[in-house]
Each structure stands twice: as C-alpha cells, then as structure tokens.
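The values are calculated or read from the model by the stated rules, or taken from the named source; none is laboratory data. On a predicted model such as this, the values are computed, not experimentally measured, just so you know. Here the Cβ positions follow ideal geometry from the backbone for every residue, glycine too, while neighbour counts run over all protein chains shown. SASA here: full protein model, heavy atoms, side chains in, ligands and nucleic acids out. Shrake-Rupley method; radii C 1.70, N 1.55, O 1.52, S 1.80 Å.
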Amino acid sequence: MEEQCQVTACESFLPMYKLARKVCRDNGTMGAIKLLHMRSDEIKVGVDISSKADALVCEILDSELLGEGIIPSPRHAHEHLLRPNAATVPYRATVYAQLVESDFLWRLHDLQGVEDQLQDGLAFAPNDFYSYFKHRQHAFHVDEIPGMKLLSEPFEAFVLDFYRAPDVRGEFNQAVHVNFSGTAHAIVSWWVLQLDKDGLVCYSTAPRWIRGASEWCDHWKQCVWFLPGQGVSVEEQSELRVVVSHDEASVRYDINGGVCCNSSASGFELSLQRCRMLGDGSRRSIIQSAIQKALGEREFGNCLIRDDGLMSAVCALSTAHGSCHVAGLFPGCRRDGLKYLESVASKLSIIHKDVKHLTGDDFKGHKVDVLLGDPYYATYEHALPWKQLRFWYERTTLSPLLSENPIIVPCFGILYGMACHLPDLWQSRCRLEEVDGFDHRSLTKPFSLLEFNMREEFKSLSGFAKVSVVKTGLCHGVVLWMDWVMDPENKDLVLSTGLLNPSWKQGVKLFRKPLQATETLELNASFDSQTGEISITRVV
C-alpha cells in the first residue's frame, strides 16, 4: 500500500492563514494538509513537523524577485527542514535586463533636469536632490510606457538556484552589446522562473517585446532602474561592462565602473509619484495660476497649507504679500522629510501639530484667511483617489479657526465615472479560472457622479447619473477618479486624477452582476462621511 503524502503549509500573515483554512475546509482537505500559523524559519523538526521534508514548494516572489525573501527562506529550509536532494518548486530563477532610452522615464526622476527645461520660477530640486531620491527599483508595466527605445540586447543579470541553498551574495560581470546609439535612461529587468528540473514548465514576467512573455498580470510587473541624472550616452555597436551584484534582499547595477542603481534604500525618500508630480509642467502651471489669483489680489493675515502639497507651499510663499504668514502642517513629512521641505521652502513656518490640536495661538490670535492644498497626502499616495477628501474633512475640523469668507483652494472636488466592460477584472473577484490577459473597454463617456463643495461642512452625499451608452456591451463596473477644481471661474484650472494622468491610479467599483448596457445607463452614487467610502449602484 502506497504511503500517503503528508503536506504541511505555513503562513505568518493571519488574514491569509484564515483564508487558507477556509479554502482547505471548502475543498475537503483539512485532514490532508496541516496548516501552521508561523514563518517557515520558525518551524522546528520534531515539534511542528515530524521529520524533514522531501519537497519544498514556495511562492515568495515580488517584481524584483528578492523582496519577499526568496533567498533566506529556501536557504533556511535546505539547512534545517529538507532532506538531502529534496525536490524544489521553483527549481531556478534567472533575471534578465535591458538598457532603454525613454524621455517619459527620464522625466519621472530627474527633477533637476526637468526644471531646467521648464524655467517657470518654481524650484523643488535642491542641490543635494539626489540624496532624497533613492536609486532603487520601481515596478512598472513597461509595455504601457510610450516612446521607449531598446538600446541593447537583453542580457542575463544573475541566476538563483533553489534546488540547493541559494547564495546569499553574488556578483556577475556581463558584456552588454549596444545595438543603437542614444541615451540610456534606465535598465528594465524581469525574471524567468523555471518550475521543474527539466525546464519544461516556466513562467516569465518579461515585457511583450520578448518572445515567450506571459500574459498581462498586475501582481508581478517589470522593474525599472533609473540611471542618475541625464542618463548614460551609448554608441551603436559598442560594448558596455555591467556588473550586477546582489545580497539576500537587494540588487545593484554598475555600468563601466560607475554606480548605476541600488535597490536598497534608507532614510527619507522622495517617492517616485511625488517626484513625478513635482516635475509635471501642467500641474505646476495650474497650481501656480490658481494660487497667484487667490493670493495676489489683496493682503491676507494667515495662509495655511494643510496637506503634504509642497507645490502649494512654494507657490504661496512666492505670491503672498510680505505681511502674510504662510504656515503648513505636512503630516506626511517626518524627520529627514522636514529637511527636504526646508531646503525648498526655507521661509515656511512648519507647525508640528495635528489639525485637531491647532488653536488661535498658532496664528497669533488671528483667523486663517486662506487654506490651500494640492490636495495630496503622502500616506494616501497609493490609495483610492477619493481618499484625498481628507482635505475636506480637515477643512471642516478647522472651521473655528477660519475667517468669515476664507479662500479655499481647491474649492470643489468632483467624482467622475466611466462605465466599462471589464470581464477579466470582474472574474477575478469570483472564480479564478481562465483569467488571462486584461480585456477592458469603455462603454460611456466620462460623467460626473458627486460634487464636494470645500466651503461646506464635511457630510454624506448622494447623486444620480443618467448617461448615454456610446458602445453597447456587458457592463461590469465603473472606473472612478477625482477632479479638483482650483478656481470656479476658470475651467482650465482643474487637477485631474483621471485616465490621462500617469501620476494617479483610478478606482473601480464592480457590480455584483454585470448588466447589459444598450442606450442609457442609470446609476446612484453615494459618499458615506463616517467611513469615507463611495458606493455605486445601478438603477433597475
């Protein structure tokens, strides 16, 4: 009689552990799988498992490959939990890289160079700017980046073997052939996972221009490693010497003996999104124009910047009359972050208090005449776009300190939506069978759902929209974003987090059941001031 295989699974994150128990229970495998709520390096042979294991299966991978512990965890398993010559899945991982030229990528990180081109009187890149922008990897869907030029052949960066204990450190010297002359602004990297010993089953995160690339997915992307400053000039048919080194958690690239980029980061870091926003010429122009109009017409006593919007602070300092006291709270800036803030806005008065603890004494007994925001909160950088409505909530908290008719910028927030056909995204919340690629298309033009008046108190809202369908099809949900009106008299002064703005992600509300969109679509929308959540329901 064949001996039954004993399976032990471990998960340290409690919500995932509970989900794993539910999945096992629903599939009738609770008796066959032993679930442990712990890290793998906490498992003791003879205590948590009866003996060493014959096989290891793990999926602790991020877009860079190393970030979730793919070196230390299998290494510990080989040393303490596995029998000699144990089978491992995956068997091996290979990281590939390629030099690219991209004006889009350059503008994302070289704020000094971008400001040299803009010449708009604003400066957010101090002389020591690169001490605030860490040169590490950034996950991207590089297929969506416009105008990217491939300068070199793909080259093998490094290899990790998992059939044995993977090396903690490694250094690999690669000769990289350059196909086209240009400026290398970045290195794009991806990995190929060999799941079996014979190499018959593989998974790749390569971009679409690489043969054998897998279908689109969101959890694993490619990595972009920015080259410092203006980039590196390369000549056609030349050869570059690239040294790739790694430890158990980070990767480093050196080109021709010069430091290129390093995935380890410490201290305060100016995020890529913040850098991208600060270098956005259109955003700079809109905020500058709105604040110049708000502050330039007469003198004010106190101007307060409530959020983490550096642009509002710098524009206010350059526009306000001499007697105006410009102060800010900047809840997302701590320690080293304040040093950066002081380097770009040295005359700004920073108040080290939470908004609910402010008093009239913080403004020398006077009221606040002007309240400004981009709006942008660093803690909500990757959150749903309407989370920036925190500005409205905190404007309400500040009501006792505001003058009778304060100027508030932005003055309105508008929630926009667009009904879409999203079959793959909708399936991902149900069964996970046959979800390959990402099919999506719009069925309506953008339409407004809710309007938030910053001059009014924070409150719950509801709205209704009846929109024309421009392309018939099955509607799975609504893509949502926020537009911020900076000046009610000028429709051009609007900051959008919409589909054409690369600095922001949009939200998606999926319907429980898809509906057929034909001529018109009727939707109810609501905002709950207690939870800060948006609800979208169809009118039947």
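Structure values in brief
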quantity	calculated
Every pair of residues 6+ apart whose Cβ atoms lie under 9 Å, when the first sits in the range 396-415 and is under 28 Å from GLN506 (Cβ atoms) while the second is of a type in the set (Ser, Thr, Tyr) and in a strand (DSSP E or B)	ILE414/SER448; LEU415/SER448
Some residue of the range 465-482 being assigned to a loop (DSSP other than H, G, I, E, B), open to solvent by 30 Å² or more (accessible area, probe 1.4 Å) and closer than 30 Å to LEU278 by Cβ	no
Residue list for the range 22-53, filter: in a helix (DSSP H, G or I) and in contact with a His (Cβ under 9 Å, 6 or more places away or on another chain)	SER40, ASP41
Top-ranked residue in the range 94-117 [being in contact (Cβ under 8 Å) with a residue 24 or more places away in the chain and of a type in the set (Asp, Glu); ranked as surrounded by the fewest Cβ atoms within 10 Å (Cβ to Cβ)]	ASP103
Enumeration of residues in the range 409-420 that are surrounded by fewer than 21 Cβ atoms within 10 Å (Cβ to Cβ) and either in contact with a Gly (Cβ under 7 Å, 6 or more places away or on another chain) or part of a strand (DSSP E or B) (or both)	PHE412, ILE414, MET418
Qualifying residues in the range 292-322 (those that are in contact with a Leu (Cβ under 7 Å, 6 or more places away or on another chain) and of a type in the set (S, T, N, Q)) - the one least open to solvent (accessible area, probe 1.4 Å)	SER312
Unique residue being closer than 17 Å to HIS138 by Cβ and at pLDDT 90 or above when the list is VAL232, VAL251	VAL251
Filter result (surrounded by 20 or more Cβ atoms within 10 Å (Cβ to Cβ) and under 22 Å from LEU61 (Cβ atoms)) within the range 161-185	PHE162, PRO166
The listed residue being in a strand (DSSP E or B) and not small (Gly, Ala, Ser), out of LEU122, LEU99	LEU99
Candidate set: the range 28-78, residues that are of a type in the set (Asp, Glu) and touching a residue at least 60 places away in the same chain (Cβ under 8 Å); chosen: the one surrounded by the fewest Cβ atoms within 10 Å (Cβ to Cβ)	ASP62
All positions within the range 199-213 that are open to solvent by 40 Å² or more (accessible area, probe 1.4 Å) and either in contact with a strand residue (DSSP E or B) (Cβ under 8 Å, 6 or more places away or on another chain) or at pLDDT 95 or above (or both)	LEU200, VAL201, CYS202, TYR203, TRP209, GLY212
